1. Ranking 172, 93, 63 by Cβ neighbours within 10 Å, fewest first, what do you get?
2. Can you sort 202, 165 by how many other beta carbons sit within 10 Å, fewest first?
3. Please report 70, 81 as a ranked list, fewest other C-beta atoms within 10 angstrom at the top and most at the bottom.
4. Fully extended, how many nm does the chain gain between residue 183 and residue 19 (0.36 nm per residue separation, minus their Cα-Cα distance)?
5. If you take the square roots of the eigenvalues of the alpha-carbon gyration tensor of the range 40-80 and sort them as a ≥ b ≥ c, do you get rounded (a/c under 1.5), prolate (a/b over b/c) or oblate?
6. So how much slack lies between residue 81 and residue 149, counting 0.36 nm per residue of separation and subtracting their Cα-Cα distance, in nm?
7. Which value results when the Cα radius of gyration for the range 124-217 is divided by 2.2 N^0.38 Å?
8. Based on the mean of other Cβ atoms within 10 Å per residue, sort peptides 185-197, 29-41 so the most packed one is first.
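The numbers here are math on the coordinates, done by the rules we state, and not lab data. If you're wondering where the values come from, they're calculated on a predicted model, not measured in any experiment. Neighbour counts are summed over all protein chains in view; Cβ atoms, including those assigned to glycine, are modelled from backbone coordinates with ideal geometry.
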């Protein structure tokens, strides 16, 4: 029996699609490590639900509840049938202390999550819907964009996903995208959005930020 099987025998759980592992506000005494399948992490925002992440094999979540003894800050729901490990605070602490690799992976993942959270805060701080959409597209192009032969970048995202990410409704985002399309900066494709010139998009964002700054000072 391999190490993964041994861990699953001790701490494992199989969860069918649709299983709600915990809800925002619940008390928590376990963290989870995904071995297979996927889990959606979501949060209630302004009366709606926003997907924060969809986690797959090798990812972990729920650790903050056992590190700081505070209620769950988000809801976790199984998207695809999943096998996962459930670790209580004592087991998790023993793993971190006895295995430097686990400790390093934890620090790296928490750092990435902090970066993502700060980027989201930066997006939501903008009052101008145009700036929110442009910043959201720019971040997505940098992180998950696919370079195309003509130099443009494909951002694999739906309208609903983009709207949810930048905290706007679909109609507002559509209006911004139409304007960007007229300016030949962004085009819609069957599998996402095509940023025709990332540099020009950044320059337009800088212009909007300057406009917002001087508008506040006026």
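1. Going from sparsest to densest Cβ surroundings: 93, 172, 63.
2. Fewest-to-most ranking of 202, 165: 202, 165.
3. 70, 81
4. So the chain would gain 54.6 nm between residue 183 and residue 19.
5. It comes out oblate by the Cα gyration axes.
6. This chain segment gains 20.8 nm when fully extended.
7. 1.03
8. Ranking the peptides 185-197, 29-41 by packing returns 29-41, 185-197.
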